[in-house]
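One structure is given below, encoded as structure tokens.
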Amino acid sequence: MSKPLETLLDELIGRKEIHSAVMSVVSGDGTFRWEGARNVVAPGQGPMTPGTPWFIASITKLLIASTVLRLVEQGELTLEDRVVDRLSPSLMHRLHVLDGNDRTDQLTIEHLLRHASGLPDYIEDYPKTRRKSGIDRRSLVEILLEEGDRAWTLEDTAHWVRERLEPHFPPQALDGRRVRIRYSDTNYQLLIGIIEARRNKTFSHVLHELILDPLELRNTWLPGHFRGNGPEPAAAAVYAGAEVVRFPEFLAAIGDLNSTCGDLLHFFQAVVQGHLFQESDTWPRMQSHAHRFPFPRDRAALRQPGWPIAYGLGVMRFKIPRLFTPFQCIPEVIGHTGSTGTWLFHAPEPDLYFAGAVNQITAGAVPFQVVPKTLRVIGTPQSFA
């Protein structure tokens, strides 16, 4: 079984603009484990290994959601809590104004977790043309790539959303059958703020208290905030095309983590197998009432998760429609991806876990290509029937 996985990894590193890659597959019962890596950590540095840390990007959302659900279990938060009751008035002032209607006070923690808030994505979305003339029309990610690193705070996020962007739709009625969702990093920045406000500690500290330390995840940390012995390990370089991206201040501020395949797989197995949460229904609750993202209809949405991906409480559900795989049914996977071509998934039917990264900001769609191929090469038609 290892040889076809090695071949798949070779094909992956052979793609245009993929400069490094790492993958790991393990079975839930521990009887099978494969891992591999290709190329170098960064130009002029040593080779990538299965233990090399990498920037996990929006896989972090799965850890943020797990932290929120741990606080819910302990009675410190509820999903129904209004966001305006958890964050400062100056931060939340007129954050969700659509067609002249201020709906900010309708936003709840559950809206944020499910991407059902309608809030724009402060990183990817573009200013609306009807905004005041003279405003910079670039997205924040374009500005960063063209102008370089900058410090960033939650207040900066709120100001950016309030002054430059507009909501896509009103906060949704979550008890309805048809719930509109749209992926937005703004939602999870606000959740980090809620976590910090509730515990009066940094997100990094709370994450260590509730997840990293209990699970002994020693190779997972917020960039710039390594808590292990010695200097911060070198993570795999992230590329934008052929160029290495260097945003140390911005990445240290937005909450996305560095980790390894081993740590992430251990974390996700603890989630799925019931070792992280205190209540048996927390993980099923995270997966329940998942709604599908729509087809992308603007250029920002083209870089974000879309149809046929469904989203629950901080977790993606992905299954290729049978129409596109008439000769082999590929099972559903549950987990999360990141915009730099990162993935962490569990396939419940064959009980397999997958983690990997290609460290390229133009490779957000790669995980949804690689994971089905991985299932094809290691599965049997009987197990996927």
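The values are calculated or read from the model by the stated rules, or taken from the named source; none is laboratory data. Source: prediction; values computed, not measured. Positions of Cβ are backbone-derived with ideal geometry, glycine not excepted, and every protein chain shown enters the neighbour counts.
For this structure, a couple of remarks:
- Selected residue (criterion: modelled with the lowest pLDDT) from residues of region 119-155 that are crowded, with 16+ Cβ neighbours inside 10 Å and over 20 Å from SER339 (Cα atoms): PRO127
- In region 156-167, residue farthest from ASN187 (Cα to Cα) [restricted to those that are surrounded by 20 or more Cβ atoms within 10 Å (Cβ to Cβ) and not hydroxyl-bearing (Ser, Thr, Tyr)]: ARG164
- Within region 279-319, the set of residues being of a type in the set (A, V, I, L, M) and surrounded by fewer than 16 Cβ atoms within 10 Å (Cβ to Cβ) comprises LEU302 only.
- Residue pairs meeting the criteria (Cβ under 7 Å; at least 6 apart or on separate chains; first closer than 12 Å to ARG114 by Cβ, in region 286-302; second aromatic (Phe, Trp, Tyr) and assigned to a strand (DSSP E or B)): ALA290/TYR311; HIS291/TYR311; PHE293/TYR311
- If you go through region 77-93 and keep only what is over 22 Å from the mean Cα position of the chain (by Cα) and in a helix (DSSP H, G or I), you end up with VAL84, ASP85, PRO89, SER90, LEU91, MET92.
- VAL97 being touching a Cys at 6+ places or on another chain (Cβ under 9 Å) and either in contact (Cβ under 8 Å) with a residue 40 or more places away in the chain or over 30 Å from PRO372 (Cβ atoms) (or both): no
- Residues of region 1-41 that are part of a loop (DSSP other than H, G, I, E, B) and within 20 Å of GLY241 (Cα to Cα): GLY14, ARG15, LYS16, GLU17, ILE18, HIS19, VAL41.
- Test result for SER58, within 21 Å of ARG376 (Cβ to Cβ) and of a type outside the set (A, V, I, L, M): no
- Within region 209-268, tally of residues that are of a type in the set (A, V, I, L, M) and assigned to a helix (DSSP H, G or I): 9
- Residue list for region 48-103, filter: surrounded by fewer than 19 Cβ atoms within 10 Å (Cβ to Cβ) and among the hydroxyl-bearing types (Ser, Thr, Tyr): THR49, THR78, SER88, SER90
- For first residues located in region 2-25 and surrounded by 22 or more Cβ atoms within 10 Å (Cβ to Cβ), partners that are of a type in the set (Ser, Thr, Tyr) and in a helix (DSSP H, G or I) and lie 6+ apart or on another chain with Cβ distances below 7 Å form the pairs VAL25/THR374.
- The residue of region 163-194 that is farthest from THR60 (Cα to Cα), among those that are part of a helix (DSSP H, G or I) and of a type in the set (A, V, I, L, M), is ILE194.
- Test result for PRO350, modelled with pLDDT under 95, closer than 30 Å to ARG138 by Cα and in a loop (DSSP other than H, G, I, E, B): no
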